Amino acid sequence: GYLYAVVDAGVAMCWKSDTGKRVWTRRLGGGFTASPVLVGENIFATSDTGRTTIFRASSKGFELVGENDLGDQVYATPTICNSRIYLRVAEQQDGQRQEMLYCLGEAK
């Protein structure tokens with residue numbers, strides 16, 4: 001199998017789990033505090049500045065699926081439940097930190 005991670009400095013990496021050999025790296029940009037989350041074949045990695053990068057869990061190389069920006073500050077790991085993504089974000093408004101919880105997914 002393979003191990004995937006995003007280090008604090010904003011670099012996504014893939015290693016071969018039985019040898020520890022690095023297979024690929026890709027600079028995502030920004031700093032990362034939140035842990036990446038695997039959903040199906042996709043990995044969701046959210047930076048400290050609120051950009052979520054979605055990439056395929058593939059040993060063949062980095063494959064970008066999509067990106068989006070939510071909020072100015074994100075330090076919490078996204079939670080996945082019932083095909084929805086819950087993400088706690090914050091923005092600076094008039095010098096005050098305003099926190100919000102977003103729920104992303106199709107309305108049912």
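No lab work stands behind these numbers, since they all come straight from the coordinates. Given the structure is predicted, the values throughout are model-derived calculations rather than measurements. A quick note on method: Cβ atoms are made from the backbone with ideal geometry, for glycine too, and the neighbour counts reach across all protein chains shown.
Odds and ends about this structure:
- Of the residues making up region 29-85, those that are farther than 13 Å from G10 by Cβ, part of a strand (DSSP E or B) and touching a Gly at 6+ places or on another chain (Cβ under 8 Å) are I54, D69, Q73, R84, I85.
- Subset of region 48-65 [hydroxyl-bearing (S, T, Y) and over 15 Å from V37 (Cα atoms)]: T49, S59
- Residue satisfying all of: in region 83-108; farther than 16 Å from V39 by Cβ and of a type in the set (A, V, I, L, M); surrounded by the most Cβ atoms within 10 Å (Cβ to Cβ) among these: V89
- Residue, surrounded by the most Cβ atoms within 10 Å (Cβ to Cβ), within region 1-28, restricted to residues that are in a strand (DSSP E or B) and among the charged types (D, E, K, R): R26
- Remark: C103 falls outside the filter, which requires a residue to be touching a residue at least 40 places away in the same chain (Cβ under 8 Å), in a strand (DSSP E or B) and not basic (K, R).
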